[in-house]
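Remarks on the structure that follows.
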Amino acid sequence: PWSDELLQGKQIVLNSNGPLQKIIADSLSTQKAIVRSGGDAFQKDKSASSLSVSVNSVFQGSVFDATGLQKIADLKSLYSFFHGLRGQLGFNHRVVILSKTSKSPEGRAIEKAISSFARSLSREFGPEGINVNVLLLETYDDKAKAEALALQSLPVLSFFLSDFCAFVTGQIIPLHLEKTAKPLPLLAGSLAGKTALVTGAAQGIGYSICRRLAEEGAHVIALDRPQNEEALRELCLEIEGDYLLATIGKNHDDLIERLTAQSESVDIIVHNAGITRDRSLFGMSESEWDDVLNINLEAVIDITTEVLRRGLLKTGGRIVCMASVVGISGNFGQSNYSASKAGLIGYVEAMAEHLASIEGTVNAIAPGFIETNMTAKIPFVQKQFARRLSSLSQGGQPDDVADMVTFLASPCSQAINGQTIRVCGGSFLGA
């Protein structure tokens, strides 16, 4: 489970003289990280920091605050900072670069350059188990808004530096200030007392999601098909949750009625249920198309619409949908599946504003190759190819997806809304 000391004992190096240096250093220190300052940054004067980097240090994390870069020449500071850390990046190191949006031509060029720099580093560093991600902060003319967003970005930064973010790399995560800017709770204990509905809960990723949510204090209502009742019962005994038997894609009104009978409202909905019916288009039957689109996409929209219409999702609620990297890239023999998952990505983007109006968020996860009982049946050579088709050169675990879902279910993820986060180890699919 999460702890108040999420970064306990980790040595993290932070570039000198970034505009957010002080609040970043203070925040990381509260998580019990050992914060050091180093690199040229984009100002030559390092007197602002009393911290220093030993050439013998090995770091578990590095943070580069690039929100002050204003000229193309300032991009040299990225090279100087990371080049200066050669030989000091420990295995499983986490790199997070904070950037900002811009409307000016040169500012937009800098924004895009930083993003591609980070993606390139994720490819270079991946074989060493090193993750590289960017938090892209929206730029506001209002100073108070800018400061509020900076504060809301801090728990996101801590999560991306933590051991709970192991299979996410090469990602650009946009952060926005929603209509409310309430003080955020600590990550640890932030799900205590909340109720979560998880579909497709009996096995694989859904099973792991239920366990992680419960570990963080949520009461879980696990939903799956009647055929999986025994597995659901065992899961709910383990996590002290409740279960609901229903077939997604059929009679959603009845499903909602029975959900309401178990819980008057929910704080979190995780749409994890999904199926595949892989076949090339000319060999695909009409029912194989219909079933996949119905269960993977239409059911998600129908259930969410009814939950919102009835006011069952509490203010500040969270919705997380399970997309796929295939929804971004497309894939041979998966025209139905990729269409359904791309549809979820579009749905999440369009629903963000509505969820923000009730202080909530809606996001999607796009897993890559995840090691489950289902993928265990794939021929060995094909599995090896799938593993190597990522920057980290390995498959992910169900817990990797569950950890990200659990974070997005937390109040601490308020700045992330309408986004699709790839949990794919830096897969080359759709890159």
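No value in this document is a laboratory result; all are computed from the given coordinates. Bear in mind the structure is a predicted one, so any value in this text is a computation, not a measurement. Glycine also receives a Cβ, built like all others from the backbone with ideal geometry; neighbour counts cover every protein chain displayed.
Figures for the structure shown
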quantity	calculated
Label-to-label distance, nm, for residues given as residue 251 and residue 192 (7 Å Cα→Cβ offset)	4.0 nm
GNM flexibility winner over the chain from 25, 144, 166 (Cα, springs under 10 Å)	144
Helix-derived mean residue ellipticity, 222 nm - over the chain, DSSP H n ≥ 4, -39500 (n - 2.57), to 500	-11500 deg cm²/dmol
Proximal charge balance of residue 33 [Cβ under 10 Å; K/R count +1, D/E count -1]	+2
For residue 92, residues with placed amide H under 5 Å, excluding near neighbours	130
Residue exposure sequence - 141, 224 - by fewest surrounding Cβ within 10 Å	141, 224
Cross-link partners of residue 32 among aspartates and glutamates (Cα-Cα below 19 Å; sequence separation of 8 or more within a chain)	4, 5, 163
Which of 361, 101 has the fewest Cβ neighbours within 10 Å, and the rest in rising order	101, 361
Over region 195-423, relative contact order from alpha-carbon pairs under 8 Å, at least 6 apart, %	20 percent
Of 76, 377, 32, the one that fluctuates the most in a GNM where the chain has Cα springs shorter than 10 Å	377
Rounded, prolate or oblate (a/c below 1.5 giving rounded, otherwise prolate when a/b exceeds b/c) for region 292-371 by Cα gyration tensor	prolate
Fewest-first ranking of 140, 337, 347, using other Cβ atoms within 10 Å as the exposure measure	140, 347, 337
Cα-centre dipole for the chain with unit charges at Cβ (Lys and Arg positive, Asp and Glu negative), debye to 20	1580 debye
Cα centroid separation, region 125-190 to region 326-362 (Å)	21 Å
Anisotropy class of region 195-423 from Cα gyration tensor, a/c 1.5 cut	rounded
Neighbour net charge for residue 325 - beta-carbon separation under 9 angstrom, K R +1, D E -1	+2
Gaussian network model of the chain, Cα within-10 Å springs - most flexible of 174, 155, 183	183
